[in-house]
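Worksheet for the structure shown next.
Derivation of every value follows stated rules applied to the coordinates shown; laboratory data play no part. From a predicted model like this one, the values you see are computed outputs, not experimental measurements. So basically every Cβ, Gly included, is an ideal-geometry build from the backbone, and we count neighbours across all protein chains shown.
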Amino acid sequence: MTAEELEQIAQSTRAEYAKFDHEINVCMGTGCLSQHSDRLKDVLANEVTAQGKNAFVRRTGCMGLCAAGPLVLVDPEETLYQHVKASDAETVVKSLGGEPVAELECNLREHFEEQVHIVLENSGHIDPEKIDDYIARDGYKALLIALTEMTPAGVIHRITESRLRGRGGGGYPTGLKWSTVAKATGETKYVICNGDEGDPGAFMDRSVLESDPQRVIEGMAIAAYAVGASKGYVYVRAEYPLAVSRLTACLRDARRRGLLGNNICNTPFNFDVEIRLGAGAFVCGEETALIASIEGRRGTPRPRPPYPAVSGLWGKPTLINNVETFANIAPIIRNGGKWFASIGSERSKGTKVFALTGKIKNTGLVEVPMGIKLREIIETIGGGVPDGHTLKAVQTGGPSGGCIPANLLDIGVSYDALMAIGSIMGSGGMIVMDDTSCMVNVARFFMEFCMTESCGKCIPCRSGTAQMFTLLTRITDGTGTMEDLELLEDLCSTVKETSLCGLGQTAPNPVLSTLKYFRDEYIEHIVHKKCPAGVCPIKAPVTASVEVPA
Amino acid sequence: MSADVDVKTLTIDGEEVSARAGQTLLEVARENDISIPTLCHLDGLSDVGACRLCLVEIEGSNKLQPACVTTVQEGMVVSTSTERLQKHRRIILEMLFAERNHICSVCVSNGHCELQSLAQEQGVTHVRLPYRNPDLAVDASHERFTVDHNRCILCTRCVRVCAEVEGAHVWDVMGRGISSIVITDLHDEWGSSTCTRCGKCVQVCPTGALFDKSKIGSDHPKYPDFLPYLNLMREAQ
């Protein structure tokens, strides 16, 4: 494959689609599929034939606005239809070339206008299982540029210049990580893509893998070239069957096109990727546990150093990045590091994909520039809290993050700003809570998650999370005391400071942040035996009434 | 001094000490009679850094580091028993006592138990945490030994000695989090497992979780010191 051949594929694909007057894109991400968008696509295709329209019906990945699914996007008019049922197919197809169907039209301009799409630039526009669709939208151009025009050091320089930081949650500078692995000694090196996304309410990585898997593979190949690896692994949860099947198809096509394998693009560069499935352990998102899992061992973390960059998979230098990090690589190579660094805030560059869930109108996936105010994400893009309720808090960072109260919504979203107020950026889960959510109960929920997901290797995490869960349960059922609260705070400090890996070290965060901003709710439960939100099953106090038999 | 010996000097608890490059903080501290509590560490076995009792403070780093796996660096300034560390150690020991059913007065290892002596040494006078009182099994199917999961602290010394020294890998850990337990083979009874009956696991067990049946009702001290000697003799061969 040469640059000319790649361009030829892109042109002929574009020419093929240009023959049609309309393109009907049907979202077939997991959300819309659960509402039978696959059947909808078939019905639409039949309708097009029946009505003799010159239109192409395409399966695409996620369009983002999951709350309004199934979604259908008609191009070139860019008309977006929401809640489309199979019975609407006839009307939709009939309207092609004329007035759009008003009652199905989705008019959430502000939802889309505030967003900046880099990672999601192809989501909802290409068929994720057609490599030529990806190539037609500049796919693999970046890999060719890197292999034929740049040195590995030049690639790393460009990534460093972009000031991209790891999107898995930690925010470690990607360029620095790459250069550490590149400098590590050893013939054999590995590149791993971490797709073990497991935070409750987070589905960014799943969506990227389902909607645009080639972009992740291209990012991995560029990384492999930069650090000197020839083998890669995508570690993805077995709970994401659609992502796995689309990835499998994507790897097969990339090999066929000569974009994976030996002597890629007639250069000495060899690279291939294997998929490894996670067996349902959240802790395997931690890099050393993930490596153990790929090696076929029990997925438990080990102390670092040595870091995987020095001694990782099978003791070899290993680069591990998150799905979203790899998805940012190709555009950075294509458009330059300075371009990327011009987007975002002072110390957090580029965009971030968030999964908006909870008590919010526009549930779904959004991609926003770093530094955007939380309020804009929630109110403008997310459409605010539905049913006349008021917003109480926003939870970011999943079980490792914290709850941000409504009065702090005007902070800009960046790694440092979120850290400063006791939460973290995390991988991008954003759960909105209103006045019907009890913050103690929320803390208990996340503690239960950490307790069941703890691997059990180190004592503070294994035993501490279970103890904290017991104490939180006491508080939520009205049997807690102020001594319990004091003990809870002691445990938070010990578990945070002494646990072996990130899971344990961050497990107390939901408790600490709710104690910081919603301490009165804890007191209300303990002292007045009341749950202000009316969520917790407070037990009636045992009274000394004696029934006197008649 | 030969060229291939790289010596580092560092400060532990205000005392200047010297060490070979590659030595761990724990090794150097113990050489110099500075005591750091440990449970999962045992001379002769690989280190896993799991019990978190040997955490120490290193100047310039806010994060506590496990002494058993942290190697010495030139000029390091280490504190091994600050108030902060002592508080964490006591809570970790409390967690262990509350986690399973550790009732010293009716335990075969009473008086010879590493958990018990550590608690005394660290001043754990009572346990504030709620006892979990789990319902755990005792497996006495082996003709010589018994495993009592009520006393197990999941230090995995038995797992490591069986895999690394005996080479049998009969022991392993099953389940996760608070419901983890050590098992023999694929959770078979110990008596019908592939156990070689060498008894190393019993000797390295720090508590009364693994014990010799013939010692019930009598003093049951354990002798884990055989390990470094065994390793040394094997290397010499």
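Determine the dipole magnitude for the protein assembly as shown: charges of +1 sit on the beta-carbon of Lys and Arg, -1 on that of Asp and Glu, nothing else is charged, the reference point is the Cα centre, and the result goes in debye to the nearest 20. Don't skip to the answer; put the middle values down first.
Numbers: 78 positive and 98 negative charges, 147 e Å.
I would put it at about 700 debye.
Cα-Cα pairs above 14 Å in segment A:1-78: how many percent? Show your work: numbers first, answer last.
Working: 1970 of 3003 pairs.
Value for segment A:1-78: 66 percent of Cα pairs lie more than 14 Å apart.
Please average, across the residues of A:490-500, the number of beta carbons from any other chain that are within 10 Å of each residue's own beta carbon, and give a whole number.
5
Take every Cα pair under 8 Å in chain A that's 6+ residues apart, average their separations, divide by the length, and report that relative contact order as a whole percent. Walk me through the numbers on the way to the answer.
Working: 1149 pairs, mean separation 73.8, N = 550.
That works out to 13 percent.
Using mean Cβ contacts within 10 Å as the protection proxy, how do A:359-369, A:215-225, A:272-282 order, highest first? Numbers along the way, then the final one.
Numbers: A:359-369: 22.5, A:215-225: 27.4, A:272-282: 17.5.
Listed from highest to lowest mean packing, they are A:215-225, A:359-369, A:272-282.
Among B:V165, A:V535, what is the fewest-to-most ranking by other Cβ atoms within 10 Å?
Working: B:V165 19, A:V535 15.
By the 10 Å Cβ count, ascending, the order reads A:V535, B:V165.
Return, ordered by residue number, the residues of segment A:142-156 whose backbone nitrogen is under 15 Å from a label point located 7 Å along Cα→Cβ of A:S342.
No residue qualifies, since no backbone N sits under 15 Å from the label point.
When a/c reaches 1.5 or more, the comparison of a/b and b/c decides; with that in mind, is segment A:268-318 rounded, prolate or oblate per its Cα gyration tensor? Present the calculation step by step, with values, prior to reporting the outcome.
Values: a/c = 2.56, a/b = 1.24, b/c = 2.07.
It comes out oblate by the Cα gyration axes.
Quick one: give the max-minus-min coordinate of the C-alpha atoms of segment A:388-434 along each principal axis, largest first, in Å.
32, 20, 13
Mind checking the mean number of beta-carbon atoms from other chains within 10 Å of the Cβ atoms in A:40-52?
Values: counts 0, 0, 0, 0, 0, 0, 0, 0, 0, 0, 0, 0, 0.
Partner Cβ neighbours, averaged per residue: 0.
Rg(Cα) of segment A:177-333 divided by 2.2 N^0.38 Å? Don't jump to the answer; show the numbers that get you there.
Values: Rg = 14.7 Å, N = 157, 2.2 N^0.38 = 15.0 Å.
That ratio works out to 0.98.
Given +1 on the Cβ of Lys and Arg, -1 on the Cβ of Asp and Glu, and no further charges, what dipole in debye does segment B:1-113 carry about its Cα centre, rounded to the nearest 20?
Computed charge dipole of segment B:1-113: roughly 580 debye.
To the nearest 0.05, how large is the calculated FRET efficiency for A:T160 and B:K63 if R₀ is 22 Å and r is the Cβ-Cβ distance?
Values: r = 25 Å, r/R0 = 1.15.
Working from the Cβ atoms, E equals 0.30.
Please report the antiparallel percentage of DSSP beta bridges with both residues in the protein assembly as shown, rounded to the nearest 5.
Values: 48 of 78 bridges.
Beta bridges within the protein assembly as shown, antiparallel portion: roughly 60 percent.
According to a simple spin-label model (label point 7 Å from Cα along Cα-to-Cβ), what is the distance in nm between A:N54 and A:Q8?
For the pair A:Q8/A:N54, the computed spacing is 2.7 nm.
If you put +1 on each Lys and Arg Cβ and -1 on each Asp and Glu Cβ, how big is the dipole of segment A:47-143 around its Cα centre, in Debye rounded to 20? Before the final figure, lay out each step's value.
Working: 9 positive and 18 negative charges, 63 e Å.
Magnitude of the dipole: close to 300 debye.
Using a 10 Å cut-off around each Cβ of peptide A:461-473, what is the average number of partner chain Cβ atoms that fall inside?
Working: counts 4, 10, 15, 6, 2, 9, 9, 1, 1, 4, 2, 0, 0.
The shielding value for this peptide is 5.
Which ³J(HN,Hα) values in Hz, rounded to whole numbers, follow from the phi angles of segment A:267-277 under the Karplus curve 6.51 cos²θ - 1.76 cosθ + 1.60, where θ = phi - 60° and Gly and Pro get x?
10, x, 7, 10, 7, 9, 10, 10, 9, 10, 9
Output the lone cysteines of chain B: those with no second cysteine's C-beta under 4.7 Å from their C-beta.
That list is B:C54, B:C68, B:C104, B:C107, B:C113, B:C152, B:C162, B:C195, B:C198, B:C205.
Report Rg (one decimal) and Dmax (nearest whole number) for segment A:142-231, counting Cα atoms only, units Å.
13.8, 42
Got a sec? Charge dipole of segment A:224-356, +1 on Cβ for Lys and Arg, -1 for Asp and Glu; which of A:G258, A:I275, A:A243 is way out at the positive end?
Checked the options; the winner is A:G258.
Note down the nm distance, to one decimal, between modelled labels 7 Å out along Cα→Cβ at B:K87 and at B:E235.
About 4.1 nm, to one decimal.
Just to check, using Stokes-Einstein with a Kirkwood Rh over alpha carbon pairs, what's the diffusion coefficient of segment B:120-169 at 10 °C and 1.306 mPa s in µm²/s?
Details: Rh = 13.9 Å.
So the translational diffusion coefficient is about 114 µm²/s.
Separation between the A:H528 and B:V106 pseudo-spin-labels, each 7 Å from Cα along Cα→Cβ, expressed in nm?
4.6
Choose one of A:H111, A:A89, A:I131: the residue whose Cα lies farthest towards the positive end of the charge dipole of segment A:87-160 (beta-carbon charges +1 Lys, Arg; -1 Asp, Glu; about the Cα centre).
Comparing the listed Cα positions along the dipole, A:I131 ranks first.
Excluding residues on the same chain fewer than 8 positions from A:K130, give the aspartates and glutamates whose Cα lies under 15 Å from its Cα.
A:E16, A:D138, A:E210, A:D212, A:E218, A:D253
For the protein assembly as shown, what does -39500 (n - 2.57) per DSSP helix run (n ≥ 4), summed and divided by total residues, give at 222 nm, in deg cm²/dmol to the nearest 500? Walk me through the numbers on the way to the answer.
Values: 27 runs with 278 residues, N = 787.
The per-residue figure over the protein assembly as shown is -10500 deg cm²/dmol.
Per-residue counts of other Cβ atoms within 10 Å, averaged by peptide: what ranking do you get for B:20-27, A:119-126, highest first? Please report the intermediate quantities before stating the final value.
Numbers: B:20-27: 17.1, A:119-126: 24.2.
Order by mean packing, descending: A:119-126, B:20-27.
To the nearest whole percent, what portion of all C-alpha pairs in segment B:68-205 is separated by more than 20 angstrom? Please list the in-between numbers first.
Values: 5223 of 9453 pairs.
Above the 20 Å cut-off, segment B:68-205 has 55 percent of its Cα pairs.
If the chain between A:D42 and A:D416 were fully stretched, how many nm would it gain, using 0.36 nm times the residue separation less the Cα-Cα distance? All intermediate terms of the calculation are to be shown ahead of the outcome.
Working: separation 374, 0.36 × 374 = 134.64 nm, distance 4.73 nm.
Extending this stretch completely gives an extra 129.9 nm.
Calculate how large, on average over all directions, the projected area of the Cα convex hull of chain A is; give the answer in nm² to one decimal. Please report the intermediate quantities before stating the final value.
Details: hull surface 117.6 nm².
With the hull built on Cα positions only, its mean projection is 29.4 nm².
Give me Rg/Rg_expected for segment A:103-172, where Rg uses Cα atoms only and Rg_expected = 2.2 N^0.38 Å with N residues. The partial results should precede the final answer.
Working: Rg = 16.8 Å, N = 70, 2.2 N^0.38 = 11.1 Å.
Rounded to two decimals, the normalised Rg is 1.52.
Calculate how many DSSP beta bridges within segment A:186-285 are antiparallel, expressed in % of all such bridges and rounded to the nearest 5. Could you put the intermediate results ahead of the total?
Working: 1 of 14 bridges.
Within segment A:186-285, antiparallel bridges account for around 5 percent of the total.
Classify chain B as rounded, prolate or oblate, taking a ≥ b ≥ c as the square roots of the eigenvalues of its Cα gyration tensor: rounded when a/c is under 1.5, otherwise prolate if a/b is larger than b/c and oblate if not.
Values: a/c = 2.17, a/b = 1.40, b/c = 1.55.
It is oblate, given that a/c is not under 1.5 and a/b is not larger than b/c.
Quickly rank A:208-214, A:194-200, A:288-294 as a protection proxy: mean count of other C-beta atoms within 10 Å, highest first.
Values: A:208-214: 28.6, A:194-200: 25.1, A:288-294: 23.6.
Highest to lowest by the protection proxy: A:208-214, A:194-200, A:288-294.
Report the local net charge at A:K349: Lys and Arg +1, Asp and Glu -1, summed over other residues whose C-beta lies under 12 Å from its C-beta.
Values: positive: A:R163, A:R165, A:R167, A:K338, A:R347, A:K352; negative: A:E161, A:E346.
It works out to a net charge of +4.
Two-decimal Rg/Rh of segment A:258-400 from alpha-carbon positions, Kirkwood Rh?
Rounded to two decimals, Rg over Rh is 1.05.
Can you give the FRET efficiency for A:N270 and B:T125, using 1/(1 + (r/R0)^6), R0 = 60 Å, r = Cβ-Cβ distance, to the nearest 0.05? The partial results should precede the final answer.
On the way: r = 64 Å, r/R0 = 1.06.
That pair, A:N270 with B:T125, gives E of 0.40.
What number does segment A:405-534 give for Rg over Rh if you use C-alpha atoms and the Kirkwood radius? Can you show the working numbers first?
Details: Rg = 14.6 Å, Rh = 15.2 Å.
Rounded to two decimals, Rg over Rh is 0.96.
Starting from the Cα-Cα distance between A:T390 and A:E295, subtract it from 0.36 nm times their residue separation and give me the gain in nm to one decimal.
On the way: separation 95, 0.36 × 95 = 34.20 nm, distance 4.84 nm.
Extending this stretch completely gives an extra 29.4 nm.
Could you tell me the calculated FRET efficiency between B:F226 and B:A137, based on Cβ-Cβ distance and R0 = 35 angstrom, to the nearest 0.05?
Details: r = 29 Å, r/R0 = 0.83.
Using R0 = 35 Å, I get an efficiency of 0.75.
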